Amino acid sequence: MTTPQPAHSSEAPFGYTRVGQPRKRPLSNREGFCPVKECSRNFRHRLNPRQAIWQHLAHYLNPPCTGFPISPFRRAHAEMHEQMKAELANNRLSENEKKERQKQSKKKWVEKNTEKRALSLKKSNLRKKAKRELKREGKDLTQQAVEELVEKWHAAETEK
């Protein structure tokens, strides 16, 4: 039995070109080129052009020889690197914004998973109780011993 062929032989499977190469995401008009005007390096052929540009700019930060003066070309790359770094720093979330997002996502998760949350809280309380119990009895306070008590008590509660 033969494998089914596409209607046209020019059609390629999703995510691949006709030759079989993985399809890259489309780039905007200026994306993939060095942002320094004097430099016209093209990085569109690279798998990750944005990362290649960062590597290219970082290359010009390293001093080739300490005895030679820095060329304007190299200086332009260093300035562009600093400018892009500053733009990224401005776009980053502050600590308060991160905490606020975490609170919101936790709130959504709790709304969706009320049963999981209740079970998690119940087991957490049982763990605390098991640790106290093991300390009081003077037994080894191991993870395994705590989990055994938690499972035993949880099974007893669910049977009720």
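Points to keep in mind about this one:
- Whole-Hz Karplus values for segment 39-52 come out as 9, 10, 5, 10, 10, 5, 6, 6, 5, 10, x, 5, 5, 4 Hz, taken residue by residue from phi with 6.51 cos²θ - 1.76 cosθ + 1.60 and θ = phi - 60°; glycine and proline positions read x.
- Amide H contacts of PHE33 (H built 1.01 Å from N, in plane; Pro and chain starts excluded): PHE43 sit under 5 Å, all sequence-distant by 5 or more or on other chains.
- A crude spin-label estimate for the pair ALA156 and LEU47, with each label 7 Å from Cα along the Cβ direction, gives 5.6 nm.
- Burial ordering of GLU133, GLU97, GLU159, fewest other beta-carbon atoms within 10 Å first: GLU159, GLU97, GLU133
- Estimated FRET transfer efficiency (VAL110, GLU38; beta-carbon r; R0 35 Å; 0.05): 0.05
- Using θ = phi - 60° in the Karplus curve 6.51 cos²θ - 1.76 cosθ + 1.60, the 3J(HN,Hα) couplings for segment 129-137 round to 4, 5, 4, 4, 4, 5, 5, 4, 7 Hz; x is entered for Gly and Pro.
- When each of LYS131/LYS152; LYS37/LYS85; LYS116/LYS152; LYS106/LYS131 is checked by Cα-Cα distance, pairs over 25 Å: LYS106/LYS131
- Ranked for footprinting exposure by Cβ neighbours inside 10 Å, fewest first, LYS37, LYS122 give LYS37, LYS122.
We did not get these values from a lab; they are worked out from the coordinates using the rules stated. The structure displayed is predicted, hence computed values, not measured ones. Cβ coordinates were reconstructed from backbone atoms using ideal geometry, including for glycine residues, and neighbour counts include every protein chain displayed.
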